[in-house]
């Protein structure tokens with residue numbers, strides 16, 4: 001993924017989130033939850049895009065005995 005497409009995607013996500021926060025009436029708590037979910041998803045997507053987090057799903061949790 002090129003840097004330009006990454007920046008364009010981030011700008012589009014930011015504009016969409018701004019439009020939802022500005023023009024769709026909803027409770028403040030719901031807006032806060034929506035913003036947190038979007039930020040977490042974008043951060044995880046960036047970690048996968050830069051190769052810091054592997055997207056193959058091989059996260060291993062140790063067994064408790």
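The values are calculated or read from the model by the stated rules, or taken from the named source; none is laboratory data. It should be emphasised that the depicted structure is a prediction, and the values quoted were computed from it without experimental measurement. All Cβ positions, glycine included, derive from the backbone under ideal geometry; neighbour counts span all protein chains shown.
So which residues in the range 1-20 are more than 23 Å from residue 53 (Cβ to Cβ) and under 16 Å from the mean Cα position of the chain (by Cα), if there are any at all? Lay out the reasoning, then the answer.
Applying the first criterion (more than 23 Å from residue 53 (Cβ to Cβ)) to the range 1-20 yields 15-16, 18-20.
Hits for the range 1-20 are 15, 16, 18, 20.
List the number of the failed condition for residue 26; all other conditions in (1) touching a helix residue (DSSP H, G or I) at 6+ places or on another chain (Cβ under 9 Å); (2) surrounded by 12 or more Cβ atoms within 10 Å (Cβ to Cβ) hold.
(2)
So which residues in the range 29-65 are part of a loop (DSSP other than H, G, I, E, B) and either surrounded by 10 or more Cβ atoms within 10 Å (Cβ to Cβ) or modelled with pLDDT of 85 or more (or both)?
50, 53, 54, 55, listed by residue number.
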